[in-house]
1. Residue pairs, Cβ under 9 Å, 6 or more apart or interchain, first in the range 206-229 and in a loop (DSSP other than H, G, I, E, B) and at pLDDT below 95, second surrounded by 12 or more Cβ atoms within 10 Å (Cβ to Cβ) and aromatic (Phe, Trp, Tyr). List them.
2. Among all residue pairs at least 6 apart or on different chains, which show Cβ distances below 6 Å where the first residue, located in the range 400-427, is under 19 Å from ARG269 (Cα atoms) and the second is assigned to a strand (DSSP E or B) and open to solvent by 50 Å² or more (accessible area, probe 1.4 Å)?
3. Being modelled with pLDDT of 95 or more, touching a Leu at 6+ places or on another chain (Cβ under 8 Å) and open to solvent by less than 30 Å² (accessible area, probe 1.4 Å) is the requirement here; does ALA30 meet it?
4. For the list (1) more than 28 Å from GLY57 (Cβ to Cβ); (2) in contact (Cβ under 8 Å) with a residue 12 or more places away in the chain; (3) of a type in the set (A, V, I, L, M, F, W, C), I need the number of the one condition that ALA282 fails.
5. Restricting attention to the range 272-291, which residues are part of a helix (DSSP H, G or I) and either open to solvent by 20 Å² or more (accessible area, probe 1.4 Å) or within 16 Å of ligand 2 (Cβ to nearest atom) (or both)?
6. Quick check on my filter: what residues within the range 356-398 are surrounded by fewer than 20 Cβ atoms within 10 Å (Cβ to Cβ) and within 10 Å of ligand 1 (Cβ to nearest atom)?
7. Restricting to strands (runs of 3 or more DSSP E) lying wholly in the range 319-423: which have 1 or more residues that are in contact with a Cys (Cβ under 8 Å, 6 or more places away or on another chain)?
Amino acid sequence: MPGVSSFRTSFSRTARVSRTARGALAGLLAGFTALAVAELAAGLVRPAAGPVTVVGGAVIDRTPAPVKDFAIRTFGENDKTVLQLGILLVLALFAAVLGVLALRFRRAGAAGVLVFGMFGSAAALSRPDAQGAGDVLPSLVGALAGAAVLYVLAGKAGPADSAAGVGAAAGGWSRRGFLTAASVTAAGAVGAGALGRALSGRRGRGAIASRDALVLPAPASPAPVIAAGAQSRVPGVSAFTTPNRDFYRVDTALVVPKVDAAAWRLRIRGKGVTSSRSYSLAQLLARPLIERDITLTCVSNEVGGPYVGNARWLGVPLAGLLAECGVEPPSKGGTADQLVARSVDGMTLGSPVEEVMDGRDAMLAVGMNGEPLPFEHGFPVRMLVPGLYGYVSACKWIEDIELTTFDAYDPYWVKRSWARRAPIKTQSRIDTPKPFARPAAGTVMVAGVAWAQHRGIARVEIRVDEGPWQDADLAAQDTADTWRQWSYRWQAAPGGHTVTVRATDGAGAVQTEQRARTIPDGASGWHSVFVTVP
Ligand SMILES: Nc1nc2c(c(=O)[nH]1)N[C@H]1C(S)=C(S)[C@@H](COP(=O)(O)O)O[C@H]1N2
Ligand SMILES: [Mo]
């Protein structure tokens, strides 16, 4: 009877499907357990050594510059979240496949989980801030737990379906046994993961307390009062001083380092340093501090892009500190031409000693807009050199300064095809109107910011379509190290229009029209915005 046989086929197919689903579930639970136990181990030994963090970090380290640039462009500051979700997705896929495999080959499935753990450990060891056994442990312990879970659950997930599904109760597997084991595993994993998170959080408590307790001394040299006219009144223009919570953030840290200021020290050593020194935060704060408005820009900022911000920084003049250690700039016979700054998370940034010591306000910053540095921006101390892109100057969570030469050492980004030296290129940005806006005909305020740190902005011009360049009104210049706002009253006629801006720096050089990508030393070209006047 055709009816009966087709019933039997679909019945066994259903049985096979549900068996596969049980295998996949066993795999997912094993993967979840592995991650949760690893989080717990990381919480105990080192939060930054969690498997997703180290694998993510290793991926960041190995991402070719164009791909990283694409990620920053496409996902902006969500790039890290996207990366971690991607890793979790890939892990989940492999875990499910391993689970199904384990139905037939239990040992192989469990061994597969261990292989993933070894990947995690290898990734941890490859990170620039790896410290040894503590980094390997979380992935390894997690994988062992995951492998055990898969071995047990696969055994309970059911026999081969040779009995065409009818014998589901035979061969040792019972639906209830599997579900009970799965639930217990899930609950245990959730508990381990939550405990791990809580432990990681606790480890940061000393750092948070040290930041809360920090009282910033008054500067010996306060910043000049910002001229009343420095902030344009045109709606839609960036604030002259960027609030800390809005300040862009670019770094490779998947877990923001939480440094306990009480235990923190800064070493200064290397070529030309007469004797290596080390400073505590209290020692640095006891020195005369300077307060300065400085605009920071990322080399990954596209023309018209958002990775630029201006803050009021408080810090220790770096040149004086270096001089005290015996360092001389190359122009005065110093042997080191590169200063390599190292952070607690193993990042290395290289700055030219000549620029650091040429009289500009290079500093070790401790304050940002009137408060201790936020953790995201480098607490307790970061470096800043006005006029240089962040990746060659602005080391956050700094703990070591080494004097060396450009010939002898390539820091992190230079190893990844970015330029050794990178002064900030003159740029201007239209903040308003926005691209594809539809402003009414008549007077339209075009306004934005321009920057050429340490050279200053002398002129900003606007061009509508292919018309002549017209001078924009410049807001008051704060200092040569800050951006400058500008505005232009445009008498807009109906139609589609392209509005273009260009700036001239304090030395008289006009911003180049030549388009360049961000790699290797910063984007160039003119920013323009297309609008339709209805
Ligand atoms: N330790 C560390 N410091 C770092 C980085 C980093 O990845 N790690 N990124 C640099 C880059 S590329 C830039 S543009 C600035 C950004 O500083 P912000 O995040 O405070 O804006 O920090 C610099 N300092
Ligand atoms: Mo950057």
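The values are calculated or read from the model by the stated rules, or taken from the named source; none is laboratory data. As the structure is a computational prediction, the values presented were derived from the model and not from experiment. As a convention, Cβ positions derive from the backbone with ideal geometry for all residues, glycine included, and neighbour counts pool all protein chains shown. Surface accessibility is based on the protein's heavy atoms, side chains included, excluding ligands, DNA and RNA. Shrake-Rupley method; radii C 1.70, N 1.55, O 1.52, S 1.80 Å.
1. Every condition considered, the pairs that remain are ILE226/PHE240.
2. Final answer for the pair search is ASP400/ARG267; ASP400/ARG342; GLU402/ARG269.
3. When the stated conditions are applied, ALA30 passes them.
4. (2)
5. Start the filter on the range 272-291 by keeping residues that are part of a helix (DSSP H, G or I), which leaves 281-285.
Matches in the range 272-291: ALA282, GLN283, LEU285.
6. Within the range 356-398, PRO374, GLU376 meet the criteria.
7. Working: elements: 338-343, 348-352, 363-368, 382-384, 398-404.
Here the list reads 338-343, 348-352, 382-384.
To keep it simple, each residue is scored yes or no on (1) farther than 26 Å from SER280 by Cβ; (2) open to solvent by 80 Å² or more (accessible area, probe 1.4 Å); (3) under 26 Å from the mean Cα position of the chain (by Cα).
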position	(1), (2), (3)
ARG211	no, no, yes
LEU216	no, no, no
ALA223	no, no, no
ALA228	yes, yes, no
THR242	yes, no, yes
ASP246	yes, yes, yes
